[in-house]
Structure formats: structure tokens, C-alpha cells
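The values are calculated or read from the model by the stated rules, or taken from the named source; none is laboratory data. Remember, it's a predicted structure, so these values are computed and weren't measured experimentally. Note that each Cβ is placed from the backbone with ideal geometry, even for glycine, and that neighbours are counted across all protein chains shown.
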């Protein structure tokens with residue numbers, strides 16, 4: 001979750017190089033830059049912002065204190081303001097529980113079938129002792145590539 005000290009509403013416009021990292025599909029605007037936990041991140045003047053919150057605040061409406069920006073499309077790296085809404089944490093969590101689809105990763109890639117790129121493993125959890133984890137190899141490789149590029153590029 002983004003630091004509460006970041007003021008998304010103070011950003012007046014998005015820099016031109018922001019749009020170099022957006023892939024506008026027929027529906028979602030997919031962030032291709034830095035991704036952390038499925039969410040796009042963008043650096044402005046040394047501060048790392050969540051991309052979906054930036055597009056909401058700059059292109060749609062100011063963000064109300066205490067609310068989160070919810071992805072209606074359920075694609076975490078989507079920054080299309082038409083796919084975003086402000087919600088309470090409770091509303092966001094409830095929607096996620098209702099729309100939980102274990103056949104797709106958080107970014108919409110298929111986890112099963114001929115087109116899937118998945119890694120299934122067993123992992124230890126704090127609460128239950130052991131849990132089966134299904135991760136998307138595509139998202140993991142994008143995250144690793146993004147982290148590698150971030151480490152190689154001087155700030």
C-alpha cells in the first residue's frame with residue numbers, strides 16, 4: 001500500500017514519459033513499467049506513486065482521504081480511469097471475495113489450460129502451516145525484469 005504521506009491530488013498532470021509505459025488495449029490500459037505486487041509504480045521527483053491512484057487523481061477525480069482506488073476490471077496493473085472507482089477498504093475486500101477467480105492471475109493471465117504459464121508449488125504459511133501456491137510465470141518474469149532494470153538504471 002502506498003505511503004499515506006504521498007499527496008496524489010497535488011499532481012496536476014502526468015509527464016510525457018509516463019505514457020511510454022502504458023499499453024492501451026481495447027479495454028485495460030496496462031502498465032508496463034515498474035510493477036510491485038501486481039500494481040504499477042511510477043517515480044515523480046523521487047517519490048514512488050501507485051499508477052492507478054495517479055490516473056484516478058489526475059484524469060478522473062481527486063482521491064478522498066480514507067478511500068482506496070478499486071479496480072473494477074480486477075487487473076492490478078490497469079490504469080484506465082474508467083476501470084477505477086473509489087471505495088472503502090471493506091467494499092474493496094468484499095468485492096474481491098465475490099469476484100475471486102482462481103483460473104486467472106491478478107493481472108488476468110490464464111493459470112490453467114494450453115495458454116497458461118503457471119508455477120504450482122507448496123509453501124509454508126504463518127497460519128495454516130502449508131498452502132498450495134499458484135503463480136503466473138509471466139507476471140513473475142516481468143517483475144524480475146522490472147527489478148533488474150531498476151537496479152541497473154541509476155536514479
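If I filter the range 48-62 for residues that are surrounded by 14 or more Cβ atoms within 10 Å (Cβ to Cβ), in a loop (DSSP other than H, G, I, E, B) and at pLDDT 90 or above, do I get at least one hit? The answer is no, given that none of the residues of the range 48-62 is surrounded by 14 or more Cβ atoms within 10 Å (Cβ to Cβ), in a loop (DSSP other than H, G, I, E, B) and at pLDDT 90 or above.
Can you tell me which residue within the range 83-98, out of those that are free of Cβ contacts under 8 Å to residues at least 40 places away in the same chain and surrounded by 14 or more Cβ atoms within 10 Å (Cβ to Cβ), is nearest to the chain's Cα centre (by Cα)? Steps first, answer last, please.
Narrowing the range 83-98 to residues free of Cβ contacts under 8 Å to residues at least 40 places away in the same chain: 84-98.
Add one more test, that the residue is surrounded by 14 or more Cβ atoms within 10 Å (Cβ to Cβ), and what stays is 84-87, 91-92, 95.
Working: 84: 12, 85: 14, 86: 15, 87: 16, 91: 18, 92: 14, 95: 16 Å.
Restricting to residues being free of Cβ contacts under 8 Å to residues at least 40 places away in the same chain and surrounded by 14 or more Cβ atoms within 10 Å (Cβ to Cβ), the top hit is 84.
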